[in-house]
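K.L.:
The structure's right below; bear with me while I get my questions together.
The values are calculated or read from the model by the stated rules, or taken from the named source; none is laboratory data. Values in this document were obtained by computation on a predicted structure and should not be read as measured data. Reconstructed Cβ throughout: ideal geometry from the backbone, glycine too, with neighbour counts over all protein chains shown. These accessible areas exclude ligands, DNA and RNA; they are computed on the full protein's heavy atoms, side chains included. Shrake-Rupley method; radii C 1.70, N 1.55, O 1.52, S 1.80 Å.
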Amino acid sequence: MSDNGSESVGTSIREGDEFYDAEDFVASEDEDVDVEEEGLVYSESAADLRRDGSQDDITSPERENQSSAGDGVSAKETIVDDAEIPTLVTSAAATANLPSSTAIVRRKVLPAGAASMASINILSILRNNVGKDLSTIPMPIVLNEPVNLLQKLAEELEYCSLIERASNTSNPVQRMAVVAAFAVSAYASMVYRTSKKPFNPLLGETYECWREDLGFKFISEKVSHRPPIMACHAEGPNFSFYQDSHVKTKFWGKSMEFIPSGTVHLVLPKFDEHYTWNKVTMCMRNLLAGTRYLEHYGTVKIESSNGDEFNFCSTIVANLLESGYYCVLNFKEAGYFTSSKNEVTGSIFNKADKKQLSISGRWDDGIFQFKDETPNNLEVIWRANKLTLEQQEGYGFSSLAVELNELTPDLKGKLPPTDTRYRPDQRMYEQGIVNEAELEKQRLEQMQREKLKALEQEGIKWTPRWFKHVDGKGWLYSGGYWEHRGRFGDIADIFAAEEK
């Protein structure tokens, strides 16, 4: 097994992805113990938390003869170990409310199936808006999926074990390869989500995701309404991860593009290292006729830098210097004369721009690494979890996505009233109460319009609770959320009807 935890395969194998609603339309320690709960199998001392139930160090028959690095070549793959996930260490105030994730039985399916769009004429909504940003167009609720943009940022941590692997990889080239695989993995959950958009959060809406079983805790907040910007911060025992996200949506007749802006940050304090990268464009094809499918295309550049000062809690990085290694990933757009889909190729370079390693694979399947002089000797860095047929035919949610909006017993009394799980229209919609959810959505959007208008008239600028804007660095976590967990009495309920 290589330094990065990937395993050699010695065979001949060679959006912003989001929509927006238009609420602003007007102006154990000695031995491993395997645990199985509701289809989730993991080892308490191992980081390979495979959500499809597969286990370590076994040959996976269904992987054999699957398409892997491209060119239609196949290989027999051995599922590999990930790095261990240490105990999540936090402050005394935060650990007082530490969730017992291993005792939680999480749901495997949503309360109701996908809402029908039979009564919606998409063409009538879109035909007059070719080339326009669709964030200003009011959309029926049935065009939504029952998660929002804050929760979608948490989805990007589904393969958080890759970060732990990177934090335990001493070789900088191999470490960059694992980080690159993590960057690609953020797109894997989108493959079957071809027709519905996430809910757009209200200004000040938040979302918490503390998953000790997966090795991270996450907080996000909608920090700006015009333009709509979401900010998030996550941390684990050996990393911090943060970004702000703004996506523009354009309709081109037969397709719709989602163009993201913002930078993703990953900090590995063990190596005094800070990675940054951009996101690629997502396009929904065949909107009006034919089989809908998604494509991601564009170039991602991952850069690493070193600094002599890290504030791990607030992720403020000072005195950054170039470490020299960078990675360029190309998400390829399928053409009329090629059968390849979802293909990703890339290279890792040193400071002198000399190629060190090649990367290839598919964003919906897996990523491999190889040396150009031995192109048939591929190493598996990451494999995507496979969705069941039931998941594919619903909203296309992964197991993690299904769990995101669940209000489990351990969260009682711990969340602020701004948390997405308390948003009534999204909760009703998830439960299949579509008509009532539509009315509730309209109420919330109107209430927000009135609130924003009042703030504008009074000359008051909205100030986010948990994030602050820093020139040149974007929106950074300002701290305090986890210390206040379970003690949010001073925060107003943004979903409740306002008293007249």
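K.L.:
When the residues of region 96-119 are narrowed to those that are at pLDDT below 85 and surrounded by 15 or more Cβ atoms within 10 Å (Cβ to Cβ), which ends up farthest from the chain's Cα centre (by Cα)?
P.N.:
Narrowing region 96-119 to residues at pLDDT below 85: 96-103, 117-119.
Next, from what is left, pick out any that are surrounded by 15 or more Cβ atoms within 10 Å (Cβ to Cβ): 97-99, 101.
Details: Asn97: 25, Leu98: 23, Pro99: 22, Ser101: 20 Å.
Going through the qualifying residues, I end up with Asn97.
K.L.:
Out of region 417-428, which residues are within 22 Å of the chain's Cα centre (by Cα) and either buried (at least 20 other Cβ atoms within 10 Å of the Cβ) or closer than 16 Å to Arg485 by Cβ (or both)?
P.N.:
Of all residues in region 417-428, those within 22 Å of the chain's Cα centre (by Cα) come to 418-423, 426-427.
Within region 417-428, Thr418, Asp419, Thr420, Arg421, Tyr422, Arg423, Gln426 meet the criteria.
K.L.:
Quick test for you: out of Asp353, Asp410, Asp365, pick the one residue that is open to solvent by 10 Å² or more (accessible area, probe 1.4 Å), under 30 Å from Val109 (Cβ atoms) and of a type in the set (D, E, K, R).
P.N.:
Working: Asp353 fails: under 30 Å from Val109 (Cβ atoms); Asp365 fails: open to solvent by 10 Å² or more (accessible area, probe 1.4 Å).
Every option except Asp410 fails the conditions.
K.L.:
Within region 445-459, track down each residue that is open to solvent by 100 Å² or more (accessible area, probe 1.4 Å) and among the basic types (Lys, Arg). Steps first, please.
P.N.:
So in region 445-459, the residues open to solvent by 100 Å² or more (accessible area, probe 1.4 Å) come out as 453, 456-458.
Result: Lys453, single match.
K.L.:
Going by the conditions given, is Trp210 more than 28 Å from Asn306 (Cβ to Cβ), modelled with pLDDT of 95 or more and open to solvent by 10 Å² or more (accessible area, probe 1.4 Å)? Give the derivation first.
P.N.:
Numbers: more than 28 Å from Asn306 (Cβ to Cβ): yes; modelled with pLDDT of 95 or more: yes; open to solvent by 10 Å² or more (accessible area, probe 1.4 Å): yes.
The answer is yes for Trp210.
K.L.:
Right, here's the next one. Mind checking which strands (runs of 3 or more DSSP E) fall wholly inside region 252-308 and carry at least 1 residues that are more than 25 Å from Pro228 (Cα to Cα) and open to solvent by less than 30 Å² (accessible area, probe 1.4 Å)?
P.N.:
On the way: elements: 256-261, 264-268, 273-277, 281-285, 293-306.
The qualifying strands (runs of 3 or more DSSP E) are 264-268, 273-277, 293-306.
K.L.:
Tyr192 fails exactly one of the following numbered conditions: (1) open to solvent by 20 Å² or more (accessible area, probe 1.4 Å); (2) over 27 Å from Gly472 (Cβ atoms); (3) part of a strand (DSSP E or B). What is the number of that condition?
P.N.:
(3)
K.L.:
Strands (runs of 3 or more DSSP E) wholly in region 331-384 with at least 1 residues that are of a type in the set (D, E, K, R) and out of contact with any Lys or Arg (no Cβ under 9 Å at 6 or more places or on another chain) - which ones?
P.N.:
Details: elements: 343-349, 355-362, 366-371, 374-383.
So the answer is 355-362, 366-371, 374-383.
K.L.:
So which of Ser261, Ser255 ends up being among the hydroxyl-bearing types (Ser, Thr, Tyr), over 20 Å from the mean Cα position of the chain (by Cα) and under 29 Å from Lys341 (Cα atoms)? Even if it seems obvious, please write down each step before you answer.
P.N.:
Numbers: Ser261 fails: over 20 Å from the mean Cα position of the chain (by Cα).
Ser255 is the lone residue from the list that is among the hydroxyl-bearing types (Ser, Thr, Tyr), over 20 Å from the mean Cα position of the chain (by Cα) and under 29 Å from Lys341 (Cα atoms).
K.L.:
Before we move on, is Tyr325 open to solvent by less than 10 Å² (accessible area, probe 1.4 Å), hydroxyl-bearing (Ser, Thr, Tyr), at pLDDT 80 or above and over 16 Å from the mean Cα position of the chain (by Cα)?
P.N.:
Numbers: open to solvent by less than 10 Å² (accessible area, probe 1.4 Å): no; hydroxyl-bearing (Ser, Thr, Tyr): yes; at pLDDT 80 or above: yes; over 16 Å from the mean Cα position of the chain (by Cα): yes.
So Tyr325 does not fit the description; no.
K.L.:
Any residue at all in region 380-391 that is open to solvent by 50 Å² or more (accessible area, probe 1.4 Å), at pLDDT below 90, at negative phi and not hydroxyl-bearing (Ser, Thr, Tyr)? Give the derivation first.
P.N.:
Applying the first criterion (open to solvent by 50 Å² or more (accessible area, probe 1.4 Å)) to region 380-391 yields 386, 388-390.
Now restrict to residues that are at pLDDT below 90: 388-390.
Those still in the list that are at negative phi too: 388-390.
Checking which are not hydroxyl-bearing (Ser, Thr, Tyr) leaves us with 389-390.
Yes: one or more hits.
K.L.:
Go through region 460-487 and report how many residues are open to solvent by less than 70 Å² (accessible area, probe 1.4 Å), more than 22 Å from the chain's Cα centre (by Cα) and farther than 18 Å from Met230 by Cβ.
P.N.:
Taking region 460-487 and keeping what is open to solvent by less than 70 Å² (accessible area, probe 1.4 Å), we get 464, 466-467, 470, 474-486.
Next, only the ones that are more than 22 Å from the chain's Cα centre (by Cα) stay: 470, 480, 483-486.
If we keep only those that are farther than 18 Å from Met230 by Cβ too, we end up with 480, 483-486.
Qualifying residue count, region 460-487: 5.
K.L.:
Right, next: Could you check region 395-500 for helices (runs of 4 or more DSSP H) lying wholly inside it with 2 or more residues that are at pLDDT 95 or above and on the phi > 0 side of the Ramachandran plot? Give the steps one after another, and end with the answer.
P.N.:
Numbers: elements: 399-404, 424-430, 434-457, 481-484.
Hits in region 395-500: none.
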